[in-house]
Amino acid sequence: DLKPANLFLTHRADGSPTIKVLDFGISKAALVGGEEQALTQTSAVMGSPSYMAPEQLKSSRNVDARTDVWSLGIILHELLTGEVAFKADTVPELYVAILQDAPPPLRQRRRDAPAGLEAIVLRCLEKDPARRFANVGELAAALGEFAPPRAQTSIERIMKIAGVSPAARTRAPSSGTTAMSAMSAQGAPSA
């Protein structure tokens, strides 16, 4: 259930910023009458609609790390544009949009976004989970081009935890960092 409300900005001992996931509500098992209730039922829908992946809408049993990649893509889109990628007047219409509509290109809402960053967000929002990044380590590696130098240690830690080989990471010249700095200077919501 990744969503902005569950992500908290805090600071490490050295003063550098870090984001922590602080709500694990869906992962808690409910006790009913002294017996443990099944956490995920075939018909249960669990999550926050705007951040739910297509496969999560179809069946909460079909979620894996790629579902989190979808949610992170939605969050990243929102951080950069100030809007969620899919919008509708009702929850059923939102579900249909997530299941059927193509995500809006990032640069449609944020013209100064680098093409490479738009490609990363669109890959996160692929309807077919097999076409997304396999895990957050791969996503972190891809975002490395656009991250400031101070983020490199975190990226390497995420890749290691996710089991992503350092060879999978290619770092382009600092054009991404320059582009992100320019976007921040022009009023992009900051991450």
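The values are calculated or read from the model by the stated rules, or taken from the named source; none is laboratory data. It should be emphasised that the depicted structure is a prediction, and the values quoted were computed from it without experimental measurement. A quick note on method: Cβ atoms are made from the backbone with ideal geometry, for glycine too, and the neighbour counts reach across all protein chains shown. Accessible surface areas use protein heavy atoms only, side chains included; no ligands, DNA or RNA. Shrake-Rupley method; radii C 1.70, N 1.55, O 1.52, S 1.80 Å.
Counted by Cβ distance under 15 Å from Ala115, the other residues give a net charge of +2, where Lys and Arg count +1 and Asp and Glu count -1. Expressed as a whole percent, the accessible area of region 51-129 that falls on carbon and sulfur atoms is 49 (1.4 Å probe).
Pull out a ≥ b ≥ c, the square roots of the eigenvalues of the alpha-carbon gyration tensor of region 57-157, then state rounded if a/c is under 1.5, prolate if not and a/b is larger than b/c, and oblate in the remaining case. It comes out oblate by the Cα gyration axes. In this rough spin-label picture, where each label sits 7 Å from Cα along the Cβ direction, the Lys160-Arg107 distance is 3.6 nm.
3J(HN,Hα) along region 143-151, derived from phi through the Karplus expression 6.51 cos²θ - 1.76 cosθ + 1.60 where θ = phi - 60°, amounts to 6, x, 4, 9, 8, x, x, 5, 7 Hz, with x in place of Gly and Pro. Computed from the C-beta positions of Ala88 and Ala115 and an R0 of 41 Å, the FRET efficiency is 0.90 to the nearest 0.05.
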